[in-house]
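First comes the structure, then the notes that go with it.
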Amino acid sequence: MNADVLVIGGGASGMTAAIKAAETGADVAIIEKKEQMGKKLLTTGNGRCNLLNSDRSPKHFHSSDPKKACEMLDALSNKDILDHFAVLGVLCRETEGYYYPYSNQALTVNQAFNKKIKELGINVLTGCEAIKIEKKAKGFKVICADRVIDSKTVIISAGSPAGLNIKEKYTGLGLLDGLNIKTMAFSPALTALLSGDKCTQYWSGVRCEALISIADRGEVLRSEKGELMLAPDGISGIAAYQLSHYVKDGCCCLIDFAFDRDEKELFAFFRSQSSRTLQDILEGMFALKLAKTLCMEVCFRNAVFKGIKPYEARLDTDEKIKAAISTVKEFKVNITGLRGLGESQVAKGGILLDETDENCMIKKCPGLFACGEILDFAGDCGGYNLMWAWTTGIKAGTAAGRYAL
Ligand SMILES: Cc1cc2nc3c(=O)[nH]c(=O)nc-3n(C[C@H](O)[C@H](O)[C@H](O)COP(=O)(O)OP(=O)(O)OC[C@H]3O[C@@H](n4cnc5c(N)ncnc54)[C@H](O)[C@@H]3O)c2cc1C
């Protein structure tokens with residue numbers, strides 16, 4: 001089999017690239033190792049597909065080369081991307097900055113891609129895994145388990161190992177072996193924060209709204225408000241995921257469990273409850289398991305409660321009230337790492353952005369393009385990873401099609 005443009009990986013970025021390449025008039029083929037294209041896309045946004053975000057500030061983009069990542073994203077606006085969706089027949093809507101398909105279903109997006117791919121006559125081989133890319137004097141040879149494909153250009157859009165189940169082997173970066181392209185090993189991002197602190201043994205299963213910050217040597221690096229899921233091995237939930245980009249050795253989280261009450265208000269409330277035990281007061285504010293955890297931690301962490309059993313503790317002095325407030329509003333949790341790649345939504349690492357030009361072509365290997373998560377980029381939750389997939393897919397596909405013709 002021959003092609004002008006061969007796309008390796010039929011996910012969000014690969015399908016986008018294939019469509020844009022075919023629109024230039026090039027003869028395009030996609031090889032996808034799974035039995036169906038867009039399987040990960042179908043799971044995005046809890047099946048709703050959060051596909052863009054109106055807040056494009058750089059704090060949402062993470063890469064070892066943040067400047068280049070911003071430049072690459074700035075190449076297309078949200079309007080450019082929404083126009084691309086309109087051509088596919090997908091109407092989108094924005095709610096508080098988050099964009100979803102109007103249907104609220106990722107299926108709508110995946111179906112639209114598949115229909116367009118069919119309409120454009122793109123050759124799709126599913127159940128076909130690429131094993132190696134070889135550079136020829138003119139073009140490339142892509143070796144798969146059961147065939148060899150010659151192509152004038154290749155777009156590698158094999159994603160990352162994030163979210164793959166334990167039995168699936170990720171082979172994307174290995175395709176580049178021998179091509180001398182600089183890559184960084186993948187590591188988890190957008191996943192739960194791990195902690196071995198004792199509090200995790202008690203709070204497991206609690207969901208609560210909180211303000212969570214990540215700090216390194218006393219400096220707060222980022223704060224997020226939202227729902228936390230307190231787990232037996234640490235802290236999960238979107239707000240915690242957003243902090244996962246900043247985890248490093250020796251860092252900790254500070255959780256404000258009463259972020260919408262200032263210290264003065266809490267002081268007045270705690271003082272008004274002085275006839276109750278500390279545990280009773282906390283049970284009136286938080287879910288039972290969290291109240292018990294906080295009660296124990298208030299007593300263990302503050303010298304003013306020394307020798308007092310947690311279930312007997314009372315807020316009968318100003319010092320004790322202040323100590324309780326500081327534990328509730330600045331609850332420190334030591335972070336030891338992140339959950340693995342299989343449980344993360346995206347991965348850090350991949351092909352270094354400096355290896356690519358403004359059209360996502362690998363500078364030292366003309367005719368070879370890369371798009372999507374295989375590039376060294378990981379966005380925040382909120383549509384940023386698909387924003388990257390569409391932007392780099394459109395760029396790579398259009399340029400590869402033109403290059404081949
Ligand atoms: C649970 C979950 C929810 C998410 N929700 C959102 C969200 O709401 N918004 C958002 O912006 N992002 C979200 N993401 C992230 C987003 O899904 C990815 O960033 C995006 O899908 C990356 O697109 P891609 O094309 O680079 O990779 P993928 O979509 O992973 O596609 C890569 C494709 O390549 C194929 N492939 C790999 N190796 C080979 C090979 N050797 N030969 C042939 N084929 C190969 C794979 O089977 C796969 O189909 C979510 C991720 C997860 C896991």
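Side notes on the structure shown:
- Phi angles of segment 225-242 translate, via the Karplus equation with coefficients 6.51, -1.76, 1.60 and θ = phi - 60°, into HN-Hα couplings of 9, x, 7, 9, 10, 8, 10, x, 10, x, 9, 10, x, 3, 4, 5, 4, 4 Hz per residue; Gly and Pro are given as x.
- Greater than 30 Å apart at Cα, pairs in LYS116/LYS225; LYS132/LYS395; LYS198/LYS329: LYS116/LYS225
- When the helices of the chain are scored as -39500 (n - 2.57) per DSSP H run of n ≥ 4 and the total is divided over every residue, the value at 222 nm lands at -9000 deg cm²/dmol.
- Set of aspartates and glutamates near LYS68 by C-alpha distance (under 20 Å), chain-local residues within fewer than 8 positions excluded: ASP55, ASP80, ASP354, GLU355, ASP357, GLU358, GLU373, ASP376, ASP380
- Segment 193-338: relative contact order as a whole-number percent, Cα under 8 Å and 6+ apart: 31
- The overall shape of segment 52-153 is oblate: from the C-alpha gyration tensor, with semi-axes ordered a ≥ b ≥ c, the ratio a/c is 1.5 or greater and a/b is no larger than b/c.
- The mean sequence separation of alpha-carbon pairs under 8 Å and at least six residues apart, normalised by the residue count of the chain, gives a relative contact order of 26 percent.
- Sparse-neighbourhood loop sites, trypsin sites (Lys or Arg not before Pro) in segment 328-384 - DSSP loop, at most 15 other Cβ within 10 angstrom: LYS363, LYS364
- Candidates PHE269, PHE140, PHE257: whichever shows maximal mean-square fluctuation once the chain is modelled as a Gaussian network with Cα springs under 10 Å: PHE269
- Bridgeable aspartates and glutamates around LYS141 (alpha carbons under 19 Å apart, same-chain partners fewer than 8 residues away excluded): ASP4, ASP27, GLU32, GLU129, ASP150, ASP177.
- Taken along its principal axes, the alpha carbon cloud of segment 106-240 reaches lengths of 59, 38, 29 Å, longest axis first.
- Cβ-to-Cβ counts within 10 Å put VAL124, VAL109 in ascending order as VAL124, VAL109, the fewest first.
- Residue pairs, from the table LYS79/LYS182; LYS59/LYS363; LYS152/LYS364; LYS59/LYS348, whose Cα atoms sit over 21 Å apart: LYS79/LYS182; LYS59/LYS363
- Per-residue HN-Hα couplings for segment 336-343 [Karplus 6.51, -1.76, 1.60; θ = phi - 60°; Hz; x = Gly/Pro]: 9, x, 10, 4, x, 4, x, 9
- 0 to 90° range, to nearest 10: angle between helix 106-119 axis and the chain longest Cα axis: 10
- For the chain, the longest principal axis of the C-alpha atoms and the axis of helix 288-301 are separated by about 70°.
- Inter-label distance, nm, simple model (7 Å from Cα along the C-beta direction), LEU42/SER275: 6.1
- Helix 78-88 axis, angle to the chain major axis (alpha carbon atoms, nearest 10°): 60
- Choice from GLU96, GLU224, GLU209 with maximal GNM fluctuation in the chain (Cα, 10 Å cutoff): GLU96
- Pairs from LYS136/LYS167; LYS248/LYS332; LYS34/LYS136 whose Cα-Cα separation, in the structure shown, is over 23 Å: LYS136/LYS167; LYS34/LYS136
- Residues in segment 261-304 that a label on LYS225 would reach, taking backbone N under 17 Å of a point 7 Å out along Cα→Cβ: 261-266
- For the chain, a Gaussian network of Cα nodes joined below 10 Å ranks GLY367, GLY307, GLY340 by mean-square fluctuation, and the top entry is GLY307.
- Looking at segment 1-90, the GluC sites (Glu not before Pro) that sit in a DSSP loop and have at most 15 other Cβ atoms within 10 Å of their own Cβ are GLU35.
No value in this document is a laboratory result; all are computed from the given coordinates. Computed from a prediction, not measured in an experiment: that's the story for all the values here. Don't worry about glycine lacking a Cβ; one is built from the backbone with ideal geometry, like all the others, and counts go over all protein chains shown.
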